[in-house]
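Input: a single structure, listed below in structure tokens.
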Amino acid sequence: MALWRPWHGCRKCSPGCQNCYVYRGDERYGRDASQVRTTREFDLPARGRRDGEPALRPGECVFTCLTSDFFIEEADAWRARAWRLMRARPDLMFYIITKRIDRFAVALPEDWGEGYGNVTVAVTCENQQKAAERIPLLLDAPIRHRELICEPLLEEIDLTAWLPGIEGVTAGGESGLRARLCRYEWVLALRDQCAAAGVPFTFKQTGALFEKDGREYRIPRREQLAQARRAGLDTRAPLEGEEPLLWEE
Ligand code: SF4
């Protein structure tokens, strides 16, 4: 499992962005997260190590653009090159999470066809309205692997109508001092919908403010992943060597 951040920075566009971890992180260093810029690791998939091996090892799942949005307008001029880098590495699986699936077609490569087999696109649905806006666009787009990210989960969501054609659903709460509440029953409802549709489900993290059986808990960052795992709701087998990442798209 690897990270690739060809560009960094983003603009808030959705309720889930309110306490965006990219902004929180940049604030700590006095940087402006709303400035979208390319990074020094832009060509990481093409790079090699001193021992001659590729920097990204064959078979890895590469989480792409977790500190931006792959389809943000500012990156329109860079995206074609990023697609070329992905096309050149069919031995990797690139995993892209977006809130801007409405911009999916901008700068799409000519040979995209029904989608590159080594690209998964996941849309964030933090509430029912965003699910209704984004999932139909995801299902209509020529994409070979589609997933849903319900994180930060802000209310109970019914995904039932859209689950056919979805390969996985991940849910989680919100982290940080200003985290909004996530309720266990919302997570359970998603797990049950996925179980009924035969879609693998992952409860990735509780978030910092979690309610179960009518009681609210403040959960330290270091325990949010472990507590979610302990709930035993996951039906998706971890990838080889996978450690869950604390993204909050
Ligand atoms: S949550 Fe995602 S889409 Fe929203 S501002 Fe942050 S990086 Fe951008």
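Brief remarks on what is shown
- For the chain, adding -39500 (n - 2.57) for each run of n ≥ 4 DSSP H residues and dividing by the number of residues yields -7000 deg cm²/dmol at 222 nm.
- Under the Debye formula (equal points on every Cα, no solvent term), log10 I(q)/I(0) of region 1-56 at q = 0.23, 0.27 Å⁻¹: -0.92, -1.06
- Beta bridges per DSSP, both residues in the chain: antiparallel share near 20 percent.
- Degrees, to the nearest 10: 76-87 long Cα axis against longest axis of the chain: 80 degrees
- Principal axis analysis of the Cα atoms in region 32-143 yields extents of 49, 36, 25 Å, listed in decreasing size.
- Rounded to the nearest 20 debye, the dipole size of the chain about its Cα centre is 760 debye, using +1 on the Cβ of Lys and Arg and -1 on the Cβ of Asp and Glu.
- Pair-distance distribution of the chain: all C-alpha pairs, bin width 10 Å, starting at 0; shares per bin in whole percent are 7, 31, 37, 21, 4, 0.
- Ellipsoid equivalent to region 151-240 - semi-axes via the Cα gyration tensor, in Å: 22, 14, 11
- In degrees, nearest ten, helix 128-140 long axis to first principal axis of the chain (Cα): 40 degrees
- When the charge dipole of the chain is built from unit charges on Cβ atoms (+1 for Lys and Arg, -1 for Asp and Glu) and taken about the Cα centre, the candidate among Ala105, Gly172, Phe201 whose Cα reaches farthest toward its positive end is Gly172.
Laboratory data are not the source of any read-out in this text; all were calculated from the coordinates shown. Note that this is a predicted model, so its numbers are computed, not measured. Virtual Cβ from ideal backbone geometry, glycine too; neighbours counted across all protein chains shown.
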